[in-house]
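K.L.:
Below is one structure. I have some questions about it.
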Amino acid sequence: MKNIAIFASGAGSNAQKIIDHFKGSNKAAVTLILCNKPGAGVFTIAENEHIPSILIEKERFFKTDDYIQILKEAKIDLVVLAGFLWKVPGNLVQAFPERIINIHPALLPKYGGKGMYGHFVHDAVIAAKEPESGITIHFVNEKYDDGATILQERCTITPDDTPETLAKKVQVLEHKHYPLIVERLLTL
Ligand code: GRF
């Protein structure tokens, strides 16, 4: 059995999809959820799903190896960032080489980097009158939204799309593809 840890900062809809995908699997399961935002929706998901969850403390996250130890003790095979808004510190990246992945709601390298999250991404894409957007799933390195791409999937933007309608299209792609990529990486 492979163990998946999910890092999230918000509602956790991608976390839920990944949890659901592995329910009843004899290959892998989400066994730990970590979140930096007290009261975030992902904590409710963890509780409902009976998955242990941890509130990440800033000082410990950026200045110690504590979370590396927690992940190692939990025998985590893959770290999945799903709407996690802090940069991953170098010590954590190095402790899990090619074992930390992220999903970004646009076609990187465009519309990525610090401050490009949530509606800011879709606002910028619509303002630039892009003909398409999509998702990028990539390995995590020490820079925001910068590691090697694993998968990109596209959606068309029509003239009547708004940041809100685009967000929905992109979320459909996220929910469809992220669990499958997690599975593929664990069975490689
Ligand atoms: C997703 O759009 C993801 O791409 C981005 O943050 C959002 C997380 O949403 N990095 P949720 O918490 O999984 O609902």
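K.L.:
Give region 23-50 a look and list any residue that's surrounded by 15 or more Cβ atoms within 10 Å (Cβ to Cβ), more than 19 Å from L85 (Cα to Cα) and within 16 Å of the ligand (Cβ to nearest atom), or say none.
P.N.:
So in region 23-50, the residues surrounded by 15 or more Cβ atoms within 10 Å (Cβ to Cβ) come out as 28-37, 40-43, 45-46, 49.
After this cut, where a residue has to be more than 19 Å from L85 (Cα to Cα) as well, the list is 28-31, 49.
Once the filter is applied, which keeps residues that are surrounded by 15 or more Cβ atoms within 10 Å (Cβ to Cβ), more than 19 Å from L85 (Cα to Cα) and within 16 Å of the ligand (Cβ to nearest atom), region 23-50 yields V30, E49.
K.L.:
Filtering region 99-133 down to residues that are at pLDDT 95 or above and of a type in the set (D, E, K, R), which residue is farthest from the ligand (Cβ to nearest atom)?
P.N.:
Per the stated criteria, the residue is K129.
K.L.:
Something else: I'd like to check which helices (runs of 4 or more DSSP H) are fully inside region 75-188 and have at least 3 residues that are over 21 Å from A28 (Cα atoms), touching a residue at least 12 places away in the same chain (Cβ under 8 Å) and touching a helix residue (DSSP H, G or I) at 6+ places or on another chain (Cβ under 7 Å). Spell out the reasoning first.
P.N.:
Numbers: elements: 90-95, 119-127, 163-187.
By residue number, 119-127, 163-187.
K.L.:
Go over the candidates L55, L78 one by one and state the one that is surrounded by fewer than 16 Cβ atoms within 10 Å (Cβ to Cβ) and either under 17 Å from H175 (Cα atoms) or more than 13 Å from the ligand (Cβ to nearest atom) (or both). Break it down stepwise before answering.
P.N.:
Values: L78 fails: surrounded by fewer than 16 Cβ atoms within 10 Å (Cβ to Cβ).
Testing whether each residue is surrounded by fewer than 16 Cβ atoms within 10 Å (Cβ to Cβ) and either under 17 Å from H175 (Cα atoms) or more than 13 Å from the ligand (Cβ to nearest atom) (or both) leaves just L55.
K.L.:
Considering only region 80-93, I want to know if a residue exists there that is over 25 Å from D146 (Cβ atoms) and at pLDDT 95 or above.
P.N.:
Step one: filter region 80-93 for residues over 25 Å from D146 (Cβ atoms), giving none.
The answer is no; no qualifying residue exists.
K.L.:
Here are some residues: K87, K17. Which one is more than 23 Å from V172 (Cβ to Cβ), within 15 Å of the ligand (Cβ to nearest atom) and under 16 Å from the mean Cα position of the chain (by Cα)? Talk me through it step by step, then tell me what you get.
P.N.:
On the way: K17 fails: more than 23 Å from V172 (Cβ to Cβ).
Just one listed residue meets the conditions, K87.
K.L.:
Regarding T165, is this residue surrounded by 17 or more Cβ atoms within 10 Å (Cβ to Cβ) and within 16 Å of the ligand (Cβ to nearest atom)? Write out each step before concluding.
P.N.:
Details: surrounded by 17 or more Cβ atoms within 10 Å (Cβ to Cβ): no; within 16 Å of the ligand (Cβ to nearest atom): yes.
When the stated conditions are applied, T165 does not pass them.
K.L.:
Say whether the condition of being at pLDDT below 95 and either within 11 Å of the ligand (Cβ to nearest atom) or under 27 Å from M1 (Cα atoms) (or both) is met by at least one residue in region 64-75. I'd like the intermediate steps shown before the answer.
P.N.:
Of region 64-75, the ones at pLDDT below 95 are none.
Looking through region 64-75, none of the residues is at pLDDT below 95 and either within 11 Å of the ligand (Cβ to nearest atom) or under 27 Å from M1 (Cα atoms) (or both).
The values are calculated or read from the model by the stated rules, or taken from the named source; none is laboratory data. Just so it is clear, the structure is predicted and the values come from calculations on it, not from any experiment. Cβ coordinates were reconstructed from backbone atoms using ideal geometry, including for glycine residues, and neighbour counts include every protein chain displayed.
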